[in-house]
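> Can you read through this structure? Questions will come right after.
Each reported figure results from applying straightforward, stated rules to the coordinates on display, with no laboratory input. Predicted model only: the values in this text are computed from it and were never measured.
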Amino acid sequence: MVLLIGHHGTNSASAELILNSNFKPSLGDGEWLGDGVYFFVKGLNSDTKNLAFNWAKCHAWNNKSKTYEYESYAIIQSEIQVKEEEFLDLTVEDGIEVFTYLVEKYTQKLKTIGKKLDFYDGLLLNLARKEKILPLEVVKGNFYIKFEKQRIHRINLRTSNCTICSVYNPNKVLTNKSIVKTGVI
């Protein structure tokens, strides 16, 4: 069994709804690690609560109106417990080998699908799930996420700055959800 502690940043109203029901997964082949609920986990950065806060703050900003869509945020902490065979860790060599296999397996299919994406990670992971190639419940990877300063100054980097994971079925692998921090943006 793999155990991860994840932090998810959102607005306070959504946090209460999540605790009373459950998370609403992000869906789509353009998502970083495919369909799922996203968490910051320890890896490249150990201050995952701060990463979740920075995400909540950036997500609140409406670039068109130049205002925050919400002013109060919450950080939800969850335990992520997943069987090893349902976990893909893209931060280690074995995980990259599995992902390389998916790229090779789906190269021809990608041509026929005709989707124009900047990155195909999410599509490949979604295909592997849908076609039952891999029984993936949790995928972990290192990414570069632009937070406030990088967005303001339009800084794009390739160097990863955080480790995230996608939880495909939150009802199956998440336990002990709680709000661990709240505040005003």
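> Can you return the aspartates and glutamates within cross-link range of K42? Criterion is Cα-Cα under 15 Å, with same-chain partners fewer than 8 residues away left out.
Qualifying aspartates and glutamates at Cα under 15 Å: E79, D89.
> Same structure, new question: Which links in K49/K130; K146/K181; K24/K64 stretch past 30 Å when you go from one Cα to the other? Numbers along the way, then the final one.
Numbers: K49/K130 32 Å; K146/K181 22 Å; K24/K64 25 Å.
Pairs exceeding the cut-off: K49/K130.
> Residue by residue through the stretch 129-135, what is 3J(HN,Hα) from phi via Karplus (6.51 cos²θ - 1.76 cosθ + 1.60, θ = phi - 60°)? Round to whole Hz and write x for glycine and proline.
For the stretch 129-135, the Karplus-derived couplings read 5, 4, 8, 6, 6, 9, x Hz, x marking Gly and Pro.
> Give a residue-ordered list of calculated ³J(HN,Hα) values for the stretch 74-86 (Karplus: 6.51 cos²θ - 1.76 cosθ + 1.60, θ = phi - 60°; whole Hz; x for Gly, Pro).
9, 10, 9, 9, 9, 8, 10, 10, 9, 5, 4, 6, 10
> Same structure, new question: Is there a pair in K116/K149; K57/K149; K66/K149 whose C-alpha atoms are over 18 Å apart, and which pairs would that be? Write down the numbers at each step before the final one.
Details: K116/K149 29 Å; K57/K149 11 Å; K66/K149 15 Å.
Going by Cα-Cα distance, K116/K149 fall outside the 18 Å limit.
> Same structure, new question: Pick out which of D118, D29, D47 has the largest mean-square fluctuation in a Gaussian network model of the chain, springs linking Cα atoms closer than 10 Å.
Comparing D118, D29, D47 in the GNM, the peak value goes to D118.
> May I pose another question? Among A128, A74, A13, which one moves the most in a GNM of the chain with springs linking Cα atoms closer than 10 Å?
It is A13.
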